[in-house]
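Below is one structure; the comments refer to it alone.
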Amino acid sequence: MKKLLGCIVAAAVILSACSKKEQVSQSVSGEPVRGETKQTVVVKPKGSIPSVMVAGGFWSLVESGDNAGKMQWVEYTVPGTVVYAFPSISADSEINYEVKKAVRLTDNKEREFIHITYDDNDYWAQDYSIAVNAVPGVIVGKTAWLYKKDTPADILEKSISAGTIVGVSRDPADDSNPFSTHFKKIRTYVNDSLIEKQFVSADDVSTASDDLIGIQLYNKLSAKDKNGEYVLSDEVAREELFETVLNLSTSSTIFELLKSIN
């Protein structure tokens with residue numbers, strides 16, 4: 001047990017360190033940072049909504065100067081990261097979380113952002129990158145077919161692959177629908193495409209923490225650069241993560257993915 005806990009802690013430290021290393025590189029080449037913004041420390045507001053990052057990362061609202069009211073890039077996040085959406089500030093809003101349209105400093109294009117808090121810091125997330133009122137999940141079916149509604153007859157000619165991280169809706173099941181408990185509503189972003197308000201079989205998605213950790217480690221260990229070299233190349237770090245992998249109780253599908261890494 002002590003060895004397992006030690007491996008989990010080591011993995012968390014390595015993932016955090018590697019993530020920060022990547023953020024520096026990507027913020028320079030992909031999401032340029034212009035100027036400085038003061039990061040506001042906040043306490044999770046009453047009525048905040050548990051949510052999941054499925055892509056992208058964090059942005060900060062510029063509060064003063066020539067770029068006041070615009071969004072400045074901060075950093076990428078690991079898909080599956082749990083955040084909390086601020087409740088709507090308007091009593092008349094049909095949406096129960098705070099939304100704002102703003103211009104991105106990276107390309108001067110207007111996009112829609114959702115106000116969130118993570119680790120007691122105040123951020124914004126672009127709408128495509130977050131599943132609001134959701135918990136993190138992982139596709140564990142080898143092929144998970146999508147459904148337009150939570151009934152078998154509403155299957156679509158689309159599927160998502162094993163290992164895809166999704167946000168699983170926290171909405172209660174529809175008691176009037178005998179099939180509702182057999183499906184899970186999901187939201188995710190894959191291949192530059194947003195999948196929302198669609199369903200997968202409950203058997204094809206897992207919300208177990210070991211499956212989420214397992215696929216996050218898989219993504220870290222298998223990621224390669226444009227030259228085909230592993231992004232995480234440090235042998236000591238890779239050995240630590242592989243040792244952690246061996247101590248996880250993952251589903252068979254995630255275990256097979258992890259075994260496939262050279």
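Applying the selection to the stretch 204-251, what residues are among the small types (G, A, S), in a helix (DSSP H, G or I), within 24 Å of V54 (Cα to Cα) and touching a residue at least 12 places away in the same chain (Cβ under 8 Å)?
G214, S222
Tell me, yes or no, whether the stretch 177-195 has at least one residue that is of a type in the set (D, E), without any contact (Cβ under 8 Å) to a residue 40 or more places away in the chain and part of a strand (DSSP E or B).
No, that holds for no residue.
Go through (1) within 21 Å of the chain's Cα centre (by Cα); (2) of a type in the set (S, T, N, Q); (3) surrounded by 14 or more Cβ atoms within 10 Å (Cβ to Cβ) for N191 and report which single condition fails.
The single condition N191 does not satisfy is (3).
Please determine, by comparing only the residues of the stretch 235-258 that are in contact with a helix residue (DSSP H, G or I) (Cβ under 9 Å, 6 or more places away or on another chain) and among the charged types (D, E, K, R), which one is least open to solvent (accessible area, probe 1.4 Å).
The selected residue is R238.
Which condition number does E157 fail, the rest of (1) acidic (D, E); (2) buried (at least 16 other Cβ atoms within 10 Å of the Cβ); (3) without any contact (Cβ under 8 Å) to a residue 12 or more places away in the chain being met?
Status for E157: all satisfied but (2).
The values are calculated or read from the model by the stated rules, or taken from the named source; none is laboratory data. Computed from a prediction, not measured in an experiment: that's the story for all the values here. We place every Cβ from the backbone using ideal geometry, glycine too, and count neighbours over all the protein chains shown. Quick note on the areas: whole protein, heavy atoms, side chains included, nothing else; ligands and nucleic acids left out. Shrake-Rupley method; radii C 1.70, N 1.55, O 1.52, S 1.80 Å.
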